[in-house]
Amino acid sequence: MDKEKQIKLTTGEMAQLWAQYMNDSGSKCVLTHFLEKAEDEEIRPVIEFALNLSKTHLQKLTSIFVEENFVVPNGFKVDEHVNLASSKLFSDSFVLEFINQMAKIGLTNYAASVASSIRDDITDYYMECTTETMQLYKLSKDLLLLKGLFVKTPYMQEMDHVEYVKRQGFMLDVFGEKRPLIVAEISNLYANLQRNALGAATLAGFSQVAKDKEVKQFFLRGIKIANKHIKLFASKLEESYLPVPKTLASEVTSSTDQTFSDQLMMFFTSGLIALSVGFYGTGVAQSPRMDLGVMYNRLSLEVQLFSEDGSNILIDNEWLEQPPMALDRDELAQKKDPTD
């Protein structure tokens, strides 16, 4: 183990550790507010479990950074970025759905972190994170089911024989009559619709409490984009006579108290935007029907342009913490020798 500790962190490991610190510090802030305002005694333990995970992760990550003589990121702190005296911004049902969706995303990220880890201690840490997040997903999923809030993808009729594709139109029929959706396409449309519904509701709450005018307008623009995408995904489902999951707009309260800092809300929004690009890419890869691929590519471009505007707001306000990066050799070479 002593020999293992002497091995420096790779860029892959450092990228995941740094990103996780930033995400968990932001999650700690948001979950602290959720717990402070929680009224449902069944949902409260789930929030507490999620919050304790973020706190534990931050402690372990800090220890790793210190042992490696690597600067600990600033991230976000509750006393600087959360107003616990503010009114409740989101319903407890929204919070439960939020935690469930974040657990799903966490499982994907931790799997990538395990795959990027070389050192045994880092691999073991991310395997532990994966196990913990699986528990969080199950807790939140089971409670959503118990409360009748879990949105399931549709059931399909039983298959009684195997078939093979017999015509090119299975993939390439852009203008003619479209074939029914296959299960992978349905699953992605449902998941992307739900994520956009969560995003639209989140940005609705953020827009109500944002103080900076430019930030507020950015959130309002994001709501319009999310609702547009929801309608497009819904139309594809309806074409195959499939039900459309409900939105979460009614789960946002009327509070306009400053709840979170504009910086924290922009950080979360930027993260959601980045995730949507990745999920749309998965939608392209798993959708043989060409019209779906064209749709996802078009929406990805729209989201990327929106993301660029968000990055400009973060940079202009000096809110974007810079991740670890390679040395600029050209800049070092141009520095004047102090002995000259």
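The values are calculated or read from the model by the stated rules, or taken from the named source; none is laboratory data. The shown structure was predicted, so the numbers you read here are calculated from the model rather than taken from an experiment. Don't worry about glycine lacking a Cβ; one is built from the backbone with ideal geometry, like all the others, and counts go over all protein chains shown. Just so you know, the surface numbers come from the protein's heavy atoms only, side chains and all, with ligands and any DNA or RNA stripped out. Shrake-Rupley method; radii C 1.70, N 1.55, O 1.52, S 1.80 Å.
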Identify, by number, the condition in (1) surrounded by 13 or more Cβ atoms within 10 Å (Cβ to Cβ); (2) more than 30 Å from K178 (Cα to Cα) that V303 doesn't meet.
(2)
Return the residues of segment 212-247 that are outside any helix (DSSP H, G or I), closer than 30 Å to K178 by Cα and touching a residue at least 24 places away in the same chain (Cβ under 8 Å); say none if nothing qualifies.
S240, L242, P243, V244, P245, K246, T247
Given (1) under 30 Å from S86 (Cβ atoms); (2) of a type in the set (S, T, Y); (3) within 21 Å of the chain's Cα centre (by Cα), where does T256 come up short, assuming only one miss?
(3)
Looking at segment 151-197, which of its residues are modelled with pLDDT under 90, open to solvent by 60 Å² or more (accessible area, probe 1.4 Å) and outside any loop (DSSP other than H, G, I, E, B)?
M171, L172
Those residues of segment 53-108 which are in contact (Cβ under 8 Å) with a residue 60 or more places away in the chain, open to solvent by 60 Å² or more (accessible area, probe 1.4 Å) and closer than 16 Å to Y21 by Cα, in sequence order
K60, E67, F70, N74
Residue count, segment 279-298 (criterion: farther than 19 Å from R167 by Cβ and among the small types (G, A, S)):
3
Name, by its number, the condition in (1) modelled with pLDDT of 95 or more; (2) under 18 Å from the mean Cα position of the chain (by Cα) that does not hold for A274.
(1)
If I go through segment 38-52 residue by residue, how many of them are open to solvent by 20 Å² or more (accessible area, probe 1.4 Å), in a helix (DSSP H, G or I) and closer than 13 Å to L96 by Cα?
4
Could you please tell me which pairs satisfy a Cβ distance under 8 Å, a separation of 6+ or placement on different chains, a first residue in segment 130-157 that is in contact (Cβ under 8 Å) with a residue 40 or more places away in the chain and of a type outside the set (A, V, I, L, M, F, W, C), and a second residue that is exposed (fewer than 13 other Cβ atoms within 10 Å of the Cβ) and part of a loop (DSSP other than H, G, I, E, B)?
K147/E42
